[in-house]
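Below is one structure, written out as structure tokens; the observations come after it.
Quick note: the coordinates plus some simple rules give every number you see, no bench work behind them. Bear in mind the structure is a predicted one, so any value in this text is a computation, not a measurement. Note: ideal-geometry Cβ built from the backbone for every residue, glycine included; neighbour counts use all protein chains shown.
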Amino acid sequence: MAYRRGRTTSVNHAEMMAIEVGMLLAKKEGVRKLVIKGDCMVVLQGLKTKSLDQLDEEAAATFSRILMICNDFIFLDFVWINRSENGEAHEVAKWVQSSLAMGPYPDIILRSVKPICTL
């Protein structure tokens with residue numbers, strides 16, 4: 001499965017794109033219960049409440065896609081963790097934001113998503 005990178009318009013948009021990639025991979029792997037941990041409180045809180053203000057058009061489209069993907073899980077939670085505990089998510093966000101973010105998922109995503117997906 002490949003993920004074609006779109007243009008990131010902000011740090012929050014890059015975080016949302018990384019969450020979307022993780023959710024799509026979890027869905028592809030057949031995960032039905034998912035806890036997403038991240039250090040971007042604004043985005044995680046917005047996903048929990050299904051409301052995030054002041055998004056440009058591209059970020060709003062990503063946010064809407066994530067909300068649609070949420071319906072594919074029987075349990076889903078978004079949990080804030082300290083940045084120092086969140087190296088994997090930082091790597092995913094950097095990958096999404098990079099100009100090379102096309103093609104198969106890098107190993108860092110596969111290593112970081114699988115162990116925490118299932119409850």
Checklist outcome for this item: The set of residues whose placed amide H lies less than 5 Å from the amide H of ILE36, leaving out same-chain residues fewer than 5 positions away, is ASP77, PHE78, VAL79
Item to check | For region 41-49, Karplus couplings with θ = phi - 60° (6.51, -1.76, 1.60), whole Hz, Gly/Pro x | outcome: 4, 4, 5, 4, 5, x, 5, 4, 8
Checklist entry - What FRET efficiency comes out for the pair ASP53/ARG83, r = Cβ-Cβ distance, R0 = 30 Å, nearest 0.05? => result 0.85
Checklist entry - Hey, can you rank 10-16, 53-59, 72-78 by average C-beta count inside 10 Å, highest first? => result 10-16, 72-78, 53-59
